[in-house]
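Here's the structure we're looking at; comments come further down.
The values are calculated or read from the model by the stated rules, or taken from the named source; none is laboratory data. Remember, it's a predicted structure, so these values are computed and weren't measured experimentally. A quick note on method: Cβ atoms are made from the backbone with ideal geometry, for glycine too, and the neighbour counts reach across all protein chains shown. Protein only, heavy atoms only, side chains kept; ligands, DNA and RNA dropped before computing areas. Shrake-Rupley method; radii C 1.70, N 1.55, O 1.52, S 1.80 Å.
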Amino acid sequence: MRPSAKASNSASEVGAFAAARDICRRHARSFYFISAFLPKPKRDAACAVLAFCRMIDEAIDQPPGMDAPNPAGSPCCSTDELTTRLKMFEQRLGEIYDNRLELPNTEFRTKQQHTLRAISLTVNRYEIPKEHFMDLAEGCRMDLVQARYPTWDSLERYCHHVAGSVGLMMSCVFGLTHSDAQKYAVMMGNAMQLTNILRDMKQDWDRGRIYLPLEDMARFRYSEKQLATGVINTAFRELMQFEINRARQMYQQASEGLCWLAGDGSRLTASATAVLHAGILDAIQKQHYDVFNQIPQLTTSQKFRRLPAAWQLARRQPDEPLPRIFI
């Protein structure tokens, strides 16, 4: 019976990572494309991380009725309901980390159950600390209880939870050769989240959220009422350019740590992820900062044209000057 048991385990693993890759292919298409640079075990692990992160977001941050506009910015579920969700997540995470996860037989598992199996294998093999997932869950909680951010410092803390934590997870998979690389992974995640905020401004407003720091809006004299109606004036363009410059500086500083990732394709994958995501900032500018009527994105040909910059970053050695890719 030993060979059949081994085959069963193999089928379980294959199905687990196939499900995670499929979730990643549908919901993280750019990364799925770039992940081809990774060795297959790391590609599977990275997809498992992103798929599980999406499951966390859906489980905590998508209460009933969330699709309806909520311009008042009020909480979208009760405190008791949110507490219950977080406790259930923490229990499931404990089962994963304590190897107590119980799932149906392989042939009866849903895609989500397959993904749970994939992440349980991944956190074990790549020693991803549990607290990174708890940080992400805290970011999802913040989304349900906080709809405005008064300062950049407060928004940066939010970005750390929802994106910097993912950067730390992915750095475990990619492999680090220097301990300082972790702080750059957090900064890169924060830069990508700020990019998302600038891209998704209209959708966020429809969900009752404004992520732009209120102090920045006040500084440039751009009001919530103007944001609600999609006003694009000089104040808005100056505000957006200010935030774009901030994001570019973060990308540039964070890219300092790319040279400390493993050279097996991990460094190139991380570099390409950064370069392509930062390209959204260019797309915003090219459509004259109009993020209300058209979602800024790169075409496939534009993505390919940015890859040489990723190669340049990936080839850089720690003692070499940092190329000015983002600014």
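Residues in the range 262-299 that are over 21 Å from the mean Cα position of the chain (by Cα) and assigned to a helix (DSSP H, G or I) were compared, and the one that is farthest from PHE242 (Cα to Cα) is LYS286.
For the range 174-205, filtered to residues that are open to solvent by 50 Å² or more (accessible area, probe 1.4 Å), charged (D, E, K, R) and modelled with pLDDT of 95 or more, the residue that is farthest from GLU131 (Cα to Cα) is LYS202. Among the residues of the range 130-156, those identified as part of a loop (DSSP other than H, G, I, E, B) and either in contact with a helix residue (DSSP H, G or I) (Cβ under 8 Å, 6 or more places away or on another chain) or without any contact (Cβ under 8 Å) to a residue 12 or more places away in the chain (or both) are GLN146, ARG148, TYR149, PRO150, THR151. Quick check: is even one residue across the range 140-163 modelled with pLDDT under 95, within 18 Å of the chain's Cα centre (by Cα), farther than 21 Å from SER120 by Cα and charged (D, E, K, R)? Within the range 140-163, one or more residues are modelled with pLDDT under 95, within 18 Å of the chain's Cα centre (by Cα), farther than 21 Å from SER120 by Cα and charged (D, E, K, R).
Within the range 35-52, the only residue that satisfies the criterion of being surrounded by fewer than 24 Cβ atoms within 10 Å (Cβ to Cβ) and touching a Leu at 6+ places or on another chain (Cβ under 8 Å) is PHE37. Candidates in the range 74-131 are the residues that are of a type in the set (Asp, Glu) and over 22 Å from the mean Cα position of the chain (by Cα); of these, the one that is surrounded by the fewest Cβ atoms within 10 Å (Cβ to Cβ) is GLU102. Can you report the number of residues in the range 297-327 which are open to solvent by 50 Å² or more (accessible area, probe 1.4 Å), touching a helix residue (DSSP H, G or I) at 6+ places or on another chain (Cβ under 9 Å) and among the aromatic types (Phe, Trp, Tyr)? So the count comes out to 1. The lone criterion from (1) open to solvent by 20 Å² or more (accessible area, probe 1.4 Å); (2) modelled with pLDDT of 95 or more left unmet by SER171 is number (1). Scanning the range 33-54 for residues that are within 23 Å of GLN297 (Cβ to Cβ) and more than 13 Å from the chain's Cα centre (by Cα) yields PHE33, ILE34, SER35, ALA36, PHE37.
Sort out which residues of the range 206-261 are polar (S, T, N, Q) and either at pLDDT below 95 or assigned to a helix (DSSP H, G or I) (or both), and write them in order of number.
Residues satisfying the conditions are GLN226, THR234, GLN241, ASN245, GLN249, GLN252, GLN253, SER255.
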